[in-house]
Amino acid sequence: MRTDSVSLSKDAVTEIRDMIKATFGDKALSDGINEYKTKSKNAQEAHEAIRPTVAAETPQKAEQDLHDEDQRRLYALIWKRAVACQMAPAVFDTVAVDLVAGPGAKAASSTPAERHVFRANGQTLLEPGFLAAYHEDHDEDETDVESEDEAALPVLEPGERVTLDQLRPEQHFTQPPPRYTEASLVKSLESHGIGRPSTYASIIETLRYRRYVEM
């Protein structure tokens, strides 16, 4: 089974889209069939991407037949990604919330010195789209923490009172670009048309052997 292909057969796409419509509703389905192509110029597209044999076999149903936890997690990943690729994009609202705190927060005649205004920038989810099936977790890396503009905020109304949970006096610094991981290096090689899937492992091994990089 080839893992470098992103092509799905017409029968598989039809089955997946029917399942999405029945399970998540019409809104979750993309307007048209989503087709994907690899960025690598010399990748072979003759093989079909890894996908569930039957889209209706959800991870919950498959748990009855799969007794190994690793196999369950692998099947769930394959199923979620295959289904999500034919779903609609998630729709977010970009918002900025000003929170007024202090003893004079409620009084209109209070002076600015009596009020403290805190601003939160973020997004509120309007339509989950593909996120209803699959949400890719962030890498556990300090350099990959979501930015303030990407933080999820709840839906708030003007004048609504919110409860203070905690105060964290933190200072933020602009972070340099993150270091490469093996996965991000392979992605960069693909985008520049360097090598092919069968040679990525040997390229990384050569870099390590010649001490061009440190892991």
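The values are calculated or read from the model by the stated rules, or taken from the named source; none is laboratory data. What you see is a predicted model, and the numbers here were worked out from it, not measured in a lab. Neighbour counts run over all protein chains shown; Cβ positions are idealised from the backbone, glycine included. Note: accessible area is taken over every heavy atom of the protein model, side chains too, but ligands, DNA and RNA are not part of it. Shrake-Rupley method; radii C 1.70, N 1.55, O 1.52, S 1.80 Å.
The residues of the stretch 9-90 expose on average 69 square angstrom of accessible surface per residue, using a 1.4 Å probe on protein heavy atoms.
Distance between the modelled labels on Val97 and His192, one decimal in nanometres: 4.3 nm (7 Å Cα→Cβ projection).
Using heavy atoms of the protein chains and a probe of 1.4 Å, the accessible area assigned to Asp18 is about 100 Å². When the listed pairs Lys10/Lys187; Lys27/Lys187; Lys61/Lys187 are checked against a 30 Å cut-off, the alpha-carbon distance exceeds it for Lys27/Lys187; Lys61/Lys187.
Between Ala201 and Thr124, the C-beta separation translates, for a Förster distance of 35 Å, into a calculated FRET efficiency of about 0.25.
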